[in-house]
Amino acid sequence: MLTKAYIPYRGYYSTPFCRWQGKMANEHALVLASETSKRWLAEKGWDPAMFDYLILGMTIGQPQWFYGSPWAAAVMGAEGIPGMTISQACTTSTTCLFQAAVGIETGQWENVYTLMTDRTSNGPHTVWPNPNGPGGEVLSENWLMDNFNRDPWARNAMIQTAENVSKEAGFTREEADEVTLRRYEQYCMGLENDREFQKRYMFPAEVRLSKKKTLMVEEDEGIMPSTKEGLAALRPVLPDGIHTFGSQTHPADGNCALAVTTRERAKELSADGSIEIQVLSYGYARAKKGYMAMAVVPAVNMALEKAGIKITDAKVLKTHNPFAANDLYLAKETGIDVMGFNNYGCSMIFGHPQGPTAGRCIIEGIEEAVLLGGGYMVWGGCAAGDTGAAIVLKVG
């Protein structure tokens, strides 16, 4: 269990998420995230130079992202600091946060900035030389579509992994639709009172429409309203499956950031010094081939064990749920109410930019825990390659 790593209260933000090919479709993900952070830091009155390291989380290539973290740091105004780039598909944010916390724990760093971003829109197409190809033909890859549709080890699409778990666990189409409707209703909780909850953490992104005109993106784009009747009318994505396009997430664009520092520094930087947010533990796992949704359970169990708590001790539970099967399986295996977690939002509804997905969920979890008077916040989610990760925070 970690003892020294803290997140300042309101020392984080997430932009809105825009559905694939939406308002952020033409923005360079690294540049947009860095410029957004620069504006956010300026609004808070924080000097970017106060950070001694930057961890960049990013999974989908953009032009010259080879320069990664140092480039991002320079754009956001912290020209003198180095950093690293982490790419771990859907659990990228969680691992960035944990690596920052380990650095604080060991005294390697004192004040770390974790910045997570991705743009699934207009994904890159890579061409690889094929010396054995007839007539000089090449190998090509669409980074987004090819990888969503085929795991080179399990040799199936991501949705097939969800259907594999659903079939083995005995989940039904009706259960998937019921969970989906509940998740949409929970997302709508964050829109109540003129988006009062979302405004606790959400920071607008400024996108360029032309050389002289920009647009502030202040709300999520592309949220699909759900009703019981509407979900029931959708066809399964796979002929014998339980998931429809309603009960799975959608690709999106966006970014988020969290500062990780010492207890003393967090108190100085917090919007409310009486609120402490401590990073306690991390968990990871790999499920059997082709059963990605299963990996969340052992990852969560590891994080809980290292924190010395049980899942029933969690005041707030958030998940990355690309498919309804993820939450159904977690609830089944842990004995908790599937309708009782993911308040205010989740990736099934607001979308999945990969790099920042878990970060936004964690940020929402922190804010929910604060509203509830504090307690343990647990996040768990799956990632490509039948893997999973989890993290436990203590909000007090």
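Residues that are in a helix (DSSP H, G or I) and of a type in the set (S, T, N, Q) were ranked within the range 126-162; the one that is farthest from LEU231 (Cα to Cα) is ASN147.
Checking each residue in the range 115-144 for being in contact (Cβ under 8 Å) with a residue 12 or more places away in the chain and either within 18 Å of THR357 (Cβ to Cβ) or in contact with a Leu (Cβ under 6 Å, 6 or more places away or on another chain) (or both) picks out LEU115, MET116, THR117, ASP118, ARG119, THR120, SER121, GLY123, TRP128, TRP143, LEU144.
Comparison of LYS332, LYS310 shows that the only residue that is farther than 19 Å from ARG360 by Cα, in contact (Cβ under 8 Å) with a residue 60 or more places away in the chain and surrounded by fewer than 20 Cβ atoms within 10 Å (Cβ to Cβ) is LYS332. Based on what the data block shows, is ASN342 surrounded by 24 or more Cβ atoms within 10 Å (Cβ to Cβ) and either outside any helix (DSSP H, G or I) or out of contact with any strand residue (DSSP E or B) (no Cβ under 7 Å at 6 or more places or on another chain) (or both)? When the stated conditions are applied, ASN342 passes them. Here is a check on your reading of the model: is LYS394 crowded, with 24+ Cβ neighbours inside 10 Å, at pLDDT 95 or above, charged (D, E, K, R) and outside any helix (DSSP H, G or I)? Judged against the criteria, LYS394 is not a match.
May I ask you to verify whether MET50 is more than 21 Å from the chain's Cα centre (by Cα), farther than 21 Å from LYS199 by Cβ and modelled with pLDDT under 95? In short, no. Those strands (runs of 3 or more DSSP E) of the range 5-86 that lie entirely within it include none in which at least 2 residues are under 21 Å from MET216 (Cα atoms) and charged (D, E, K, R). Looking across GLN62, GLN99, one residue alone is over 22 Å from ALA390 (Cβ atoms), touching a strand residue (DSSP E or B) at 6+ places or on another chain (Cβ under 8 Å) and surrounded by fewer than 22 Cβ atoms within 10 Å (Cβ to Cβ). It is GLN62. Taken together, the residues in the range 275-312 that are small (Gly, Ala, Ser) and in contact with a helix residue (DSSP H, G or I) (Cβ under 6 Å, 6 or more places away or on another chain) amount to 6. The condition of being touching a Leu at 6+ places or on another chain (Cβ under 8 Å), touching a residue at least 12 places away in the same chain (Cβ under 8 Å) and part of a helix (DSSP H, G or I) holds for only one of VAL102, VAL165, VAL112, that being VAL102. For the range 204-223, a residue qualifies if it is on the phi < 0 side of the Ramachandran plot, part of a loop (DSSP other than H, G, I, E, B) and surrounded by 13 or more Cβ atoms within 10 Å (Cβ to Cβ), and the qualifying residues are PRO204, GLU218, GLU219, ASP220, ILE223. Exactly one residue among GLY283, GLY241, GLY273, GLY290 is over 25 Å from PRO16 (Cα atoms), among the small types (Gly, Ala, Ser), at pLDDT below 95 and not in a helix (DSSP H, G or I), and that residue is GLY273. Checked against (1) outside any loop (DSSP other than H, G, I, E, B); (2) under 30 Å from TYR12 (Cα atoms), GLY123 passes all but a single condition, namely (1).
The values are calculated or read from the model by the stated rules, or taken from the named source; none is laboratory data. This one's a predicted model, so the numbers in the text were calculated from it and none came from an experiment. As a convention, Cβ positions derive from the backbone with ideal geometry for all residues, glycine included, and neighbour counts pool all protein chains shown.
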